[in-house]
Amino acid sequence: MIGGPAQPRSSLGRVQGFTINAEATKIFGWNSHGILVVAENDTRLTWVEQELVRQLGEKLYGRGHRGKQHGQKR
């Protein structure tokens, strides 16, 4: 066995997805379309910037995952 065992063949192999570079996609979105995708806890941002992102997200899209506290029912 030269090179180890062969990989199993699958008819689904040709339709299997591929990995995208998320950071490159974000850069392209910003540079080409003015679309900004940022996580509120991005460590490249200061606390003030993270708070601004959180406030913008809540203003545009609602409280989301912050709307209910752990253990509370709707």
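Out of the range 27-53, which residues are within 17 Å of the chain's Cα centre (by Cα), of a type outside the set (Gly, Ala, Ser) and either modelled with pLDDT under 95 or not in a helix (DSSP H, G or I) (or both)?
Answer for the range 27-53, where residues must be within 17 Å of the chain's Cα centre (by Cα), of a type outside the set (Gly, Ala, Ser) and either modelled with pLDDT under 95 or not in a helix (DSSP H, G or I) (or both): Ile35, Leu36, Val37, Val38, Glu40, Asn41, Asp42, Thr43, Arg44, Leu45.
Need the failing condition index for Met1 against (1) in a loop (DSSP other than H, G, I, E, B); (2) at pLDDT 95 or above, just the number.
(2)
Across the range 30-44, what is the total count of residues that are surrounded by 10 or more Cβ atoms within 10 Å (Cβ to Cβ) and over 16 Å from Gly57 (Cα atoms)?
1
The values are calculated or read from the model by the stated rules, or taken from the named source; none is laboratory data. This structure is a prediction, so every number in the text was calculated from the model and none was measured. Methodologically, a virtual Cβ is constructed for each residue, glycine included, from the backbone with ideal geometry; neighbour enumeration extends over all protein chains shown.
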